[in-house]
Amino acid sequence: MGVLRDACAKLFGRSKFFTPADPAFKGFPPVLRPIDSFYSRRLYFRYRDVWNRPIASAPGSEMDVCLREQVPGTTRLKTTGKLKRCINLGSYNYLGMSGETWEATCKEPVMAALTSMGSCGGGASMLQGGMTSLHKEVEAAVAAFVGKEDAVVFNMGYGTNATTIPSLLGKGSLIVSDSLNHTSIVNGARASGAMVRVYAHNDVDDLDQVLRQAVADGQPRTHLPWTHIMVMTEGIFSMEGEICKLPGVVAACKRYKAYLYVDEAHSIGALGKHGRGVCEQTGVDPKDVDILMGTFTKSFGAMGGYIAASRALCDYLRSSSSGCILSTSMSPVVCAQILASLRVITGQDGTSLGQEKLDAIKRNANYVRNRLIDMGCEVLGDEDSPVVPVMLYIPTKISMFSRMCLDRGLAVVVVGFPAVPLNAARTRICISAGHTREQLDRALVALEEVVDILKLRYRRSVFG
Ligand SMILES: Cc1ncc(COP(=O)(O)O)c(C=O)c1O
């Protein structure tokens, strides 16, 4: 249909999706050829209201969603000024640190940092005056928490991967990457200039084969040994909710003398009895993982990322990674939020709130996961994972699912192409320790109604 509509638009010279060429650029090749924007024009613009929905409150277990409407005759949306209070099933607020308990646990140190240090720290990179005492404290606290010798903090989680990987690896090195790794890893790997080989998602046998072949063959043409081989994977895969099979990955890395880099964006603070991440969850010694990367945007209710590794490696990154030397450092206000969250998680605040939150996140996630499975939905991921993706498969169900949920007071995240294949659309329900059982039950009643209307019980046999 899209191709047909494009052909008609070309024939009759009229379409609300085409803007007339700017006469100032007459004779230039078009910036966007029709095929480049095909997906945006023919699919995304039809259901764009389900994405980019502004919110007007803290992303706690509930939040205010701004309602929007289409500007007549265009594909643009404008906010109506009306708000809808919704149960929040979309934020990565795994421990509820940016929600209801923020006032009691984080507000005081955060406000104190704002008053004493201002909002933008040294206003310079970590190397050149942007490092405050709070940054040093965060680095020491993170290293101790994850069980590594040292840690470096970055002002952005995405940038942590995108700038660390190129400073560690280059021509002559090999990256062996899980096929479903996050784009920040993919882009960091591409920017590094290292050769990249992909292994089947979370498949330890395939990883073993790829490593064996790589070691046997060496570099292309010359067959010289690789300067480094580094395996890259994630603690929890963000679109699948699956936990990495870390013990098998560690064993394969040891067998072939490959370094191991694990992105714990979604697992740190959410997995393991004490929230120390995928190593604690799977019984792996953190010493067996060379580089533990993580972000503060999920369980810590903050911003930024970290690399935890040996002191020598962290010192090297401080003087070589563009994220440390060319990018302005993290705000001290954010550092204070991270430190306050860590104090709660580790119990250093003198309360049992952290442990209660860690128990609640698993209890809540498993409750919702099991109820959705009982409903007959196709639920991806593992027990204990706070990411609970439910398959919608068909792109048109994306818009209907999200709109029907909003009507029923649920704020959900839906995922479509290009983040996942065109026919593998899904909703990604993110559970928080801040959700009460009453909120989860209310959400499940509403979800069941939507599941019925959209016929999402894909696990049920067609015979009943
Ligand atoms: C696995 C993974 N790594 C890195 C990032 C980037 O982190 P941030 O959003 O903090 O920039 C994300 C984002 O969600 C992620 O899922």
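Using only alpha carbon pairs under 8 Å that are at least six residues apart, calculate the relative contact order of the chain and give it in whole percent. The partial results should precede the final answer.
Values: 901 pairs, mean separation 87.2, N = 464.
Contact order relative to length: 19 percent.
Projecting the Cα atoms of GLY350, LEU326, MET126 onto the dipole axis of the chain, where Lys and Arg carry +1 and Asp and Glu carry -1 at the beta carbon, places LEU326 farthest toward the positive end.
Highest mean packing comes first when the peptides 94-105, 3-14, 230-241, 292-303 are listed by Cβ atoms within 10 Å, giving 292-303, 230-241, 94-105, 3-14. Gyration tensor analysis over the Cα atoms of the stretch 357-464 returns equivalent ellipsoid semi-axes of 21, 15, 15 Å (largest first, whole Å).
Rolling a 1.4 Å sphere over the protein heavy atoms, what is the accessible area per residue of the chain, to the nearest Å²? Don't skip to the end; give the middle numbers.
On the way: 21320 Å² over 464 residues.
Result: 46 Å² of accessible area for each residue.
The stretch between ARG197 and SER37 holds 54.7 nm of extra length on full extension. This uses 0.36 nm per residue minus the Cα-Cα distance.
With n ≥ 4 as the cut-off for DSSP H runs, can you work out [θ] at 222 nm for the chain, using -39500 (n - 2.57) per run divided by the number of residues, rounded to the nearest 500? It would help to have the intermediate numbers written out before the result.
Values: 16 runs with 179 residues, N = 464.
Value at 222 nm, helices only: -11500 deg cm²/dmol.
Quick one: which of LYS107/LYS397; LYS107/LYS273; LYS10/LYS84; LYS10/LYS82; LYS171/LYS245 span more than 32 angstrom between C-alpha atoms? Mind showing how you got there, number by number?
Working: LYS107/LYS397 40 Å; LYS107/LYS273 26 Å; LYS10/LYS84 41 Å; LYS10/LYS82 39 Å; LYS171/LYS245 29 Å.
From the list (LYS107/LYS397; LYS107/LYS273; LYS10/LYS84; LYS10/LYS82; LYS171/LYS245), the Cα-Cα distance tops 32 Å for LYS107/LYS397; LYS10/LYS84; LYS10/LYS82.
Using +1 at the C-beta of Lys and Arg and -1 at the C-beta of Asp and Glu, which of ALA143, ALA340, VAL390 has the Cα lying farthest in the positive direction of the dipole of the chain? Checked the options; the winner is VAL390. Computed over protein heavy atoms with a 1.4 Å probe, the carbon and sulfur contribution to the accessible area of the chain reaches 58%.
Using mean Cβ contacts within 10 Å as the protection proxy, how do 350-361, 423-434 order, highest first? Could the numbers behind the result be given before it?
On the way: 350-361: 17.2, 423-434: 23.4.
Final packing ranking: 423-434, 350-361.
Counting charges near LEU114 (Lys, Arg +1; Asp, Glu -1) among other residues having Cβ under 13 Å from its Cβ returns a value of 0. Among 109-118, 174-183, 333-342, the peptide with the highest mean count of other Cβ atoms within 10 Å heads the list, and the full ranking is 333-342, 174-183, 109-118.
Charge dipole of the stretch 172-260 (Cα centre as origin; +1 on each Lys and Arg Cβ, -1 on each Asp and Glu Cβ, all else neutral): 440 debye, rounded to the nearest 20.
The chain: D in µm²/s via Stokes-Einstein (Kirkwood Rh, Cα pairs, 37 °C, 0.692 mPa s)?
Numbers: Rh = 24.0 Å.
It comes out at roughly 137 µm²/s.
The values are calculated or read from the model by the stated rules, or taken from the named source; none is laboratory data. Remember, predicted model here, so these are calculated numbers, not experimental data. When we count neighbours, we look across all protein chains shown, and the Cβ atoms used for this are built from the backbone with ideal geometry, even at glycine. Calculation scope for accessible area: heavy atoms of the full protein, side chains included, ligands and nucleic acids excluded. Shrake-Rupley method; radii C 1.70, N 1.55, O 1.52, S 1.80 Å.
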